[in-house]
Amino acid sequence: MTLKYKKTTLRVGDWVEVRSRAEILRTLDQNGRLDGMPFMPEMFAFCGRRLRVYKRAHKTCDTVFPVRGRRVQQAVHLDTRCDGSAHGGCQAGCLIFWKEAWLKPVGKNSFQDATPRRAASLDGNGVAAPSGGCSEFSVWDRTRTVLADGGEPSYVCQATQLPYATMDLAWWDIRQYVEDYSSGNVGLWSLVCGGIYFLYYWLTRAGIGVGRPMRWFYDTFYPLWAGAPFPRRRGVIPYGERTPGRSLNLQPGELVRIKPYKEILSTLDTSNRNRGLYFDAEEVPYCGGTYRVQKRVTKIINERTGKMLEMKTPSVILDSVICKSRYSECRLFCPRSIYALWREIWLDRVGPDLAETPAPAEEQVSTSH
């Protein structure tokens, strides 16, 4: 499918109202999608609510195929995340894409009316099925496919369908960075810092003998610009060898301190994984900080296959700790704000010490950042 790109006019901070169920259903095809983007059942809960634009979703990162940047047409992110209730209880907490057709702009002073409103009435059967649109039943029905042999279902969501709801976006297309700034997604200083970092990073990989001293300079002087250590280093454990584990049994609400980057590297193999979980460069700026546990994560949907991944070694999500795409090749300043997953061996509890439990056996879980 070929999409013609149309830019949204909404900016960060604008108020919008999510349209009623009936209005949204009229915009969807028979598969519950608009321009290839699924409207997920979890989104019905926001119908009638007035919310502020968190980011303009004019671009995103595709984690289904080899990670790459993609252009999105006429969409924004509100401060809304998927709770996984219609997708097997997936705990990834993905930021939801909202097409402009599903929203109504409202006045800037509408903050006084930011409470939920009653959604539009449904038909006599309790299912809204406007003429020429999609039924609410179909929206629910399209969330997964079940094999004839009764095997595990494959889930369908916005994350799994991103390649088919977006268009090619080259990293060198300067228009995306202009829109990053004009939309309010990214400040001017952040844009400048991003450009300087990538120039520096490419020089360290140029093969001209300056990589090691440049990384030393970066690690020595990064406190001068309130930055983070050089974020592209490899773990020290040989690939294929078992990586260490630790179980703190952390629970939502507890405070933890993220270990220094150097200590975390000692728990990673040379592919930068600990028990299958990748430690991404985007997590480095959070090292040394103190954050509150939002939730434990034991299962997430594999975006490439649609299958549910059950984690032998639970991870945790920390409040406000997200990917800001500051160091990500080909997808700089992606606004998708994916939650980072943290192994408990990378964390220290802040507060009373509790007994640790033995870590389970090695596993291979691959998550996207």
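Residues in the stretch 7-59 that are in contact with an Asp or Glu (Cβ under 9 Å, 6 or more places away or on another chain), in a loop (DSSP other than H, G, I, E, B) and basic (Lys, Arg) were compared, and the one that is modelled with the lowest pLDDT is 7. Checked against (1) open to solvent by 40 Å² or more (accessible area, probe 1.4 Å); (2) part of a loop (DSSP other than H, G, I, E, B); (3) in contact (Cβ under 8 Å) with a residue 40 or more places away in the chain, residue 90 meets all criteria but (1).
So, in the stretch 143-176, of the ones that are under 22 Å from the mean Cα position of the chain (by Cα) and open to solvent by 60 Å² or more (accessible area, probe 1.4 Å), which residue ends up nearest to residue 21 (Cα to Cα)? In this case the residue turns out to be 144. Give the stretch 63-98 a look and list any residue that's closer than 27 Å to residue 293 by Cα and at pLDDT below 95, or say none. Scanning the stretch 63-98 gives a single hit, 63.
Criterion applied to 291, 261 was being under 20 Å from the mean Cα position of the chain (by Cα) and at pLDDT 95 or above, and the one residue passing it is 291. A Cβ distance below 9 Å, combined with a sequence gap of six or more or placement on separate chains, defines the contacts here; from the stretch 163-183, residues that are of a type in the set (Asp, Glu) reach residues that are outside any loop (DSSP other than H, G, I, E, B) and open to solvent by 30 Å² or more (accessible area, probe 1.4 Å) in the pairs 168/68; 180/190; 180/191. Considering the stretch 314-330, and only residues there that are farther than 12 Å from residue 291 by Cβ and at pLDDT 90 or above, the residue that is most open to solvent (accessible area, probe 1.4 Å) turns out to be 324. With the structure loaded, tell me whether residue 215 is assigned to a loop (DSSP other than H, G, I, E, B), at pLDDT below 95 and among the charged types (D, E, K, R) or whether it fails that test. It is false that residue 215 is assigned to a loop (DSSP other than H, G, I, E, B), at pLDDT below 95 and among the charged types (D, E, K, R).
Among the residues of the stretch 188-206, those that are open to solvent by 40 Å² or more (accessible area, probe 1.4 Å) and either touching a Gly at 6+ places or on another chain (Cβ under 7 Å) or closer than 29 Å to residue 74 by Cα (or both) comprise 188, 189, 190, 192, 193, 195, 205. Candidates are the residues of the stretch 226-244 that are at pLDDT 95 or above and among the aliphatic types (A, V, I, L, M); the one that is surrounded by the fewest Cβ atoms within 10 Å (Cβ to Cβ) is 236.
With respect to (1) of a type outside the set (S, T, N, Q); (2) open to solvent by less than 50 Å² (accessible area, probe 1.4 Å); (3) at positive phi; (4) modelled with pLDDT under 90, the lone exception for residue 209 is condition (2).
Is it fair to say residue 43 is closer than 15 Å to residue 136 by Cβ and either open to solvent by less than 10 Å² (accessible area, probe 1.4 Å) or among the basic types (Lys, Arg) (or both)? The answer is yes for residue 43. Among the residues of the stretch 245-259, those that are assigned to a loop (DSSP other than H, G, I, E, B) and either of a type in the set (Val, Ile, Thr) or surrounded by 14 or more Cβ atoms within 10 Å (Cβ to Cβ) (or both) comprise 245, 246, 248, 250, 254, 259. Within the option set 298, 270, being of a type outside the set (D, E, K, R), open to solvent by less than 70 Å² (accessible area, probe 1.4 Å) and more than 21 Å from the chain's Cα centre (by Cα) holds for one residue only, 270.
Could you tell me how many of the residues in the stretch 47-57 are farther than 29 Å from residue 178 by Cα and buried (at least 20 other Cβ atoms within 10 Å of the Cβ)?
Of all residues in the stretch 47-57, those farther than 29 Å from residue 178 by Cα come to 47-49.
Filter again for buried (at least 20 other Cβ atoms within 10 Å of the Cβ), leaving 47.
Of the residues in the stretch 47-57, 1 are farther than 29 Å from residue 178 by Cα and buried (at least 20 other Cβ atoms within 10 Å of the Cβ).
Quick check on the stretch 227-241. Is at least one of its residues among the basic types (Lys, Arg), over 30 Å from residue 189 (Cβ atoms) and not in a strand (DSSP E or B)?
no
Residues in the stretch 301-313 that are under 16 Å from the mean Cα position of the chain (by Cα) and surrounded by 21 or more Cβ atoms within 10 Å (Cβ to Cβ) were compared, and the one that is nearest to residue 71 (Cα to Cα) is 303. Within the stretch 256-283, being farther than 12 Å from residue 233 by Cβ and polar (S, T, N, Q) holds for 267, 271, 274. Any idea which of 293, 284, 297, 256 is in contact with a Phe, Trp or Tyr (Cβ under 6 Å, 6 or more places away or on another chain) and touching a residue at least 12 places away in the same chain (Cβ under 8 Å)? Selected residue: 284, the only one of 293, 284, 297, 256 that is in contact with a Phe, Trp or Tyr (Cβ under 6 Å, 6 or more places away or on another chain) and touching a residue at least 12 places away in the same chain (Cβ under 8 Å).
The values are calculated or read from the model by the stated rules, or taken from the named source; none is laboratory data. As the structure is a prediction and not an experimental result, all values here were calculated from the model. Neighbour counts run over all protein chains shown; Cβ positions are idealised from the backbone, glycine included. Note: areas computed on protein heavy atoms with side chains; ligands, DNA, RNA excluded. Shrake-Rupley method; radii C 1.70, N 1.55, O 1.52, S 1.80 Å.
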